[in-house]
1. What is the magnitude of the charge dipole of the chain about its Cα centre, with +1 placed on the Cβ of each Lys and Arg, -1 on the Cβ of each Asp and Glu, and no other charges, expressed in debye to the nearest 20?
2. With the cut-off at 1.5 for a/c, could you classify the range 46-99 from its C-alpha gyration tensor as rounded, prolate or oblate?
3. Give the calculated FRET efficiency between Ala31 and Ala99 to the nearest 0.05, with a Förster radius of 25 Å applied to their Cβ-Cβ distance.
4. Just rank Glu5, Glu88, fewest to most, by other beta-carbon atoms within 10 angstrom.
5. Working from Cα positions, state the angle (0 to 90°, nearest 10) between the long axis of helix 12-31 and the longest principal axis of the chain.
6. For labels at Arg40 and Glu75 in the simple 7 Å Cα→Cβ model, what's the distance in nm?
7. Multiplying the sequence separation of Thr85 and Arg21 by 0.36 nm and subtracting their Cα-Cα distance, what value in nm do you get?
8. Using the alpha-carbon centroid of each, what span in Å lies between the range 63-89 and the range 31-62?
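Here, each number is a calculation from the coordinates, and none is a lab measurement. This is a predicted model, so every value here is computed, not measured. Neighbour counts are summed over all protein chains in view; Cβ atoms, including those assigned to glycine, are modelled from backbone coordinates with ideal geometry.
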Amino acid sequence: MFVLELTYTADVESIDAVLPRHIEWLREHYAAGTFLASGRKVPRDGGVILAVGPGRAAIEALVATDPFVRAGLTEYRVTEFLATTTAEELAAHRQQLPA
């Protein structure tokens, strides 16, 4: 599982101009089952996405397709972790520690 932390590198007006395309990008990846949760940080200087995928390289490639990234408006920090304990709603995404 991955925590994707976005940090805005541009003013909020520039972010808001691209926001509709970013939301559509989010919807596509929710529909594909890759994104599990997302939202703005407080204060509004970026956002967070909880994602699943086949590996770090695939997630990093996906991040590069975000309209915010393509427009040069955000930087991402990708943190991979093993979700060994989850709420029942996320049971399908539980992972095992390596042997």
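1. Dipole size: approximately 140 debye.
2. Since a/c reaches 1.5 and a/b is larger than b/c, the shape of the range 46-99 is classed as prolate.
3. 0.15
4. So the residues, fewest neighbours to most, are Glu88, Glu5.
5. 30 degrees
6. Once both label points are built, they end up 2.2 nm from each other.
7. Taking 0.36 nm per residue and subtracting the Cα distance, the gain is 19.7 nm.
8. Spelled out, the Cα-based centre of one part sits 3 Å from the other.
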